[in-house]
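Working notes for the structure below.
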Amino acid sequence: MRGGTKLLLFFLFGFSVSEEQTCSWTETSEVDPALKEFTYDVGDGPKQFLAYVEPDVSSFYQEPEGSRKKVIPKFNGFAAKFINLSNKKVKHYWEGNGATVLMRFYTPFSSGGTASFPGHRFFFTPENEPDVRLKEWVVEDYPAGNIMVYDPYLVEGDEEKTEANLAVLSTDERELYDMWQKTLSFHEQYRNFTGRSWLANYGTEAPKNFMWRSDYFGQTHWVTTKETHFAEVPPADLLEPISIQPSARILKDSDERTLSEYRVKGQSTMNMTLRALSCAPRVFEIENFLSEAEIEHILELAGGINLKASTTGDVGSNSNRNNEKVKPEEGTKTRTSFNSWVPRERSPVLDAIYRRSGDLLRIDESLLRYRGDDEHPEVPTKKATCESLQLVHYGQTQEYTSHHDFGYSSIDDPYNGARFATLLFYLNEEMEGGQTSFPRWVNAETFRELQVVPKAGKAVLFYSQLPDGNLDDFSQHAAKPIVDGEKWLINLWVWDPVYET
């Protein structure tokens, strides 16, 4: 890997692998044991698919199958996905507690969603007729009731009338409608086989990026990186934004790391240990990912940044190009923090953190920045397959209620791009409250949420996708309210790269 990564992996079966990596995201051919083959048919003949099937919970404790029983979590929320199968723009409303709240607009044949609970009420109206309800839903229990479809053309049990209604669609519109029908058919068959809803689009492939295994609680993986800790913050004149061309940013294994004189003396590599906190969803903690000097630098940057009130796209999910978000009414906000976006090129220290993150994820660091023509020519974009760092501040009482980091791609997106993984970096500790919680983690001991306590320098990695390419509904998470003190952290969201087909 450019940036220099040497891996030492210890797997469940007791053997180890040690090798220099040149291209981490194509390095492994190992098939995840949670992937099981099933046969489906969406109207064009039987096909096979490797689907994620949640392992028996006993295996999470390294105990014989069937020796433990999965606990039903106290939290009963999940992702609610809404699909507009009409060729008209519609408005999406939530109704409850005596209020009616406009959530967003849906363009023709688009989808979106929100975190929801059984019993929640939603409805669609025409764009300019708010009193006309086209379709109403009361959310049912998971997984039967988390995909809601508005289809004005369908006449149940009468294919002839349905086809007559569909005659109003143009050729392009009919193609989109048929693509959705395949997705919904695949969803039903996938759900019957796995017990989970298919939240992605039909045709979505398994992630191209490497995904760390989380076979049992406490499982550890070790990765070394040449992007060692900064022991002190370099002088301001050495921290100017990066403006050089992509080709000049490539570092070979033999190259000296940037600003090495300000890093820990005598260290050419640094060890990073991932420890599995949860197997479903896959959640890892990495102690001491950031040094005190790096945290100091980030907080110094924060002093010159204008933090703004945090927003969400879909309430409880990030937005996409298919529909238009609207600002939720006061009283329905799920996020009360303040944030700002900080690009990788803002300073050489941030660039080093991105490179270290790439090594941790086993993703070539060049995929996390703008690339030159000679770097990954098979990727049909030169843009970074990740987002700028999101710097977030939570003050007293502020929180981010349970939500998902993923969004829903357009049904005609040939790449089905989606957020793949989230890295959280804690910048301080010793506040009361402020834990990162995973309320739907699968275990056999407690119905309460998994809580990760912030600790300065610690990183948390979790995946928004499953090994089969589905969006992981169980990746739902929350930032618990601050009871006393404050919390600073940064988020890094990585997308699964898009490739030529």
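Is it fair to say Pro130 is under 22 Å from Leu471 (Cα atoms) and surrounded by fewer than 18 Cβ atoms within 10 Å (Cβ to Cβ)?
Taking the combined requirement at face value, the residue does not satisfy it.
Based on what the data block shows, is Thr446 of a type in the set (Ser, Thr, Tyr), surrounded by fewer than 19 Cβ atoms within 10 Å (Cβ to Cβ) and at pLDDT below 95?
no
Working carefully through the options Glu163, Glu173, find the one that is under 33 Å from the mean Cα position of the chain (by Cα) and over 30 Å from Asn76 (Cβ atoms).
Sole residue among the options that is under 33 Å from the mean Cα position of the chain (by Cα) and over 30 Å from Asn76 (Cβ atoms): Glu173.
Determine which single condition Val223 fails, assuming it passes every other condition in (1) at pLDDT 95 or above; (2) surrounded by fewer than 19 Cβ atoms within 10 Å (Cβ to Cβ); (3) β-branched (Val, Ile, Thr).
(2)
Just one of Ile353, Ile363 is over 18 Å from the mean Cα position of the chain (by Cα), modelled with pLDDT of 85 or more and not basic (Lys, Arg); which is it?
Ile353
Of all the strands (runs of 3 or more DSSP E) wholly in the stretch 1-114, which have at least 3 residues that are touching a helix residue (DSSP H, G or I) at 6+ places or on another chain (Cβ under 7 Å) and either over 30 Å from Thr273 (Cα atoms) or modelled with pLDDT of 95 or more (or both)?
Because the criterion is at least 3 residues that are touching a helix residue (DSSP H, G or I) at 6+ places or on another chain (Cβ under 7 Å) and either over 30 Å from Thr273 (Cα atoms) or modelled with pLDDT of 95 or more (or both), the strands (runs of 3 or more DSSP E) in the stretch 1-114 that meet it are 78-84.
So, Glu227, is that one on the phi < 0 side of the Ramachandran plot, part of a loop (DSSP other than H, G, I, E, B), in contact (Cβ under 8 Å) with a residue 24 or more places away in the chain and not β-branched (Val, Ile, Thr) or not?
Judged against the criteria, Glu227 is a match.
For the stretch 363-382, which positions are in a helix (DSSP H, G or I) and among the acidic types (Asp, Glu)?
Answer for the stretch 363-382, where residues must be in a helix (DSSP H, G or I) and among the acidic types (Asp, Glu): just Glu365.
Looking at the stretch 159-174 only, could you name the residues that are free of Cβ contacts under 8 Å to residues at least 12 places away in the same chain, exposed (fewer than 14 other Cβ atoms within 10 Å of the Cβ) and not polar (S, T, N, Q)?
Glu159, Glu160, Lys161, Glu163, Ala164, Ala167, Asp172
Specify which of the listed residues (Thr385, Thr397, Thr334) is within 27 Å of Leu102 (Cα to Cα) and within 19 Å of the chain's Cα centre (by Cα).
Exactly one of Thr385, Thr397, Thr334 is within 27 Å of Leu102 (Cα to Cα) and within 19 Å of the chain's Cα centre (by Cα), namely Thr334.
With respect to Tyr400, determine if the residue is under 24 Å from Glu287 (Cα atoms), touching a residue at least 24 places away in the same chain (Cβ under 8 Å) and buried (at least 18 other Cβ atoms within 10 Å of the Cβ).
Yes; evaluated as a whole, the condition is true for this residue.
Pick from Lys265, Lys208, Lys182, Lys252: which is in contact with a helix residue (DSSP H, G or I) (Cβ under 8 Å, 6 or more places away or on another chain) and among the basic types (Lys, Arg)?
Lys208
Please name all residue pairs, on different chains or six or more residues apart, with Cβ atoms under 7 Å, provided the first residue is in the stretch 233-248 and is under 27 Å from Lys382 (Cα atoms) and the second residue is not in a loop (DSSP other than H, G, I, E, B).
Leu239/Pro348; Leu239/Val349; Pro241/Glu345; Pro241/Arg346; Ile242/Glu345; Ile242/Pro348; Ile242/Asp351
Among the residues that make up the stretch 238-254, is at least one of them surrounded by fewer than 16 Cβ atoms within 10 Å (Cβ to Cβ), assigned to a loop (DSSP other than H, G, I, E, B) and in contact with a strand residue (DSSP E or B) (Cβ under 9 Å, 6 or more places away or on another chain)?
There is at least one residue in the stretch 238-254 that is surrounded by fewer than 16 Cβ atoms within 10 Å (Cβ to Cβ), assigned to a loop (DSSP other than H, G, I, E, B) and in contact with a strand residue (DSSP E or B) (Cβ under 9 Å, 6 or more places away or on another chain).
Hey, can you tell me all the residues within the stretch 255-291 that are farther than 20 Å from Arg344 by Cβ, among the polar types (S, T, N, Q) and in a loop (DSSP other than H, G, I, E, B)?
Of everything in the stretch 255-291, those that are farther than 20 Å from Arg344 by Cβ, among the polar types (S, T, N, Q) and in a loop (DSSP other than H, G, I, E, B) turn out to be Gln267, Ser268, Thr269, Asn288.
One residue is enough: does the stretch 383-402 have a residue meeting the conditions assigned to a loop (DSSP other than H, G, I, E, B), of a type in the set (A, V, I, L, M) and either at pLDDT below 95 or over 27 Å from Thr183 (Cα atoms) (or both)?
So far as the stretch 383-402 goes, yes, one or more of its residues are assigned to a loop (DSSP other than H, G, I, E, B), of a type in the set (A, V, I, L, M) and either at pLDDT below 95 or over 27 Å from Thr183 (Cα atoms) (or both).
Being aliphatic (A, V, I, L, M), more than 21 Å from Tyr52 (Cβ to Cβ), surrounded by 22 or more Cβ atoms within 10 Å (Cβ to Cβ) and within 13 Å of the chain's Cα centre (by Cα) narrows it down to one of Leu471, Leu492, so name that one.
Being aliphatic (A, V, I, L, M), more than 21 Å from Tyr52 (Cβ to Cβ), surrounded by 22 or more Cβ atoms within 10 Å (Cβ to Cβ) and within 13 Å of the chain's Cα centre (by Cα) holds for just one of Leu471, Leu492, which is Leu492.
How many residues does the stretch 256-268 hold that are touching a Ser or Thr at 6+ places or on another chain (Cβ under 8 Å) and surrounded by 16 or more Cβ atoms within 10 Å (Cβ to Cβ)?
2
Every residue in the stretch 347-362 that is assigned to a loop (DSSP other than H, G, I, E, B) and either surrounded by fewer than 19 Cβ atoms within 10 Å (Cβ to Cβ) or in contact with a helix residue (DSSP H, G or I) (Cβ under 6 Å, 6 or more places away or on another chain) (or both), please.
Arg362
Just one of (1) free of Cβ contacts under 8 Å to residues at least 12 places away in the same chain; (2) over 30 Å from Thr39 (Cβ atoms) trips up Glu156, so point out which.
Of everything listed in (1) free of Cβ contacts under 8 Å to residues at least 12 places away in the same chain; (2) over 30 Å from Thr39 (Cβ atoms), Glu156 misses just condition (2).
For the stretch 231-268, which positions are closer than 15 Å to Arg355 by Cα and under 29 Å from the mean Cα position of the chain (by Cα)?
Answer for the stretch 231-268, where residues must be closer than 15 Å to Arg355 by Cα and under 29 Å from the mean Cα position of the chain (by Cα): Ile242, Pro246, Arg249, Ile250, Leu251.
Among the residues of the stretch 141-154, are any at pLDDT below 95 and loosely packed, with under 14 Cβ neighbours inside 10 Å?
Yes, because at least one residue in the stretch 141-154 is at pLDDT below 95 and loosely packed, with under 14 Cβ neighbours inside 10 Å.
List every residue pair whose Cβ atoms lie under 9 Å apart, where the two residues are 6 or more positions apart in sequence or sit on different chains, the first residue falls within the stretch 100-118 and is over 24 Å from Asp141 (Cα atoms), and the second residue, located anywhere, is among the β-branched types (Val, Ile, Thr) and in a loop (DSSP other than H, G, I, E, B).
Phe105/Val326; Phe109/Ile411
So in the stretch 403-428, with the set limited to residues that are in a loop (DSSP other than H, G, I, E, B) and among the hydrophobic types (A, V, I, L, M, F, W, C), which one is nearest to the chain's Cα centre (by Cα)?
Phe406
Of the residues Glu205, Glu136, which is surrounded by fewer than 17 Cβ atoms within 10 Å (Cβ to Cβ) and touching a strand residue (DSSP E or B) at 6+ places or on another chain (Cβ under 7 Å)?
Testing whether each residue is surrounded by fewer than 17 Cβ atoms within 10 Å (Cβ to Cβ) and touching a strand residue (DSSP E or B) at 6+ places or on another chain (Cβ under 7 Å) leaves just Glu136.
The values are calculated or read from the model by the stated rules, or taken from the named source; none is laboratory data. Quick caveat, the model's predicted, so the values are computed rather than measured. Cβ sites come from the backbone with ideal geometry, for glycine too, and all protein chains shown count toward neighbours.
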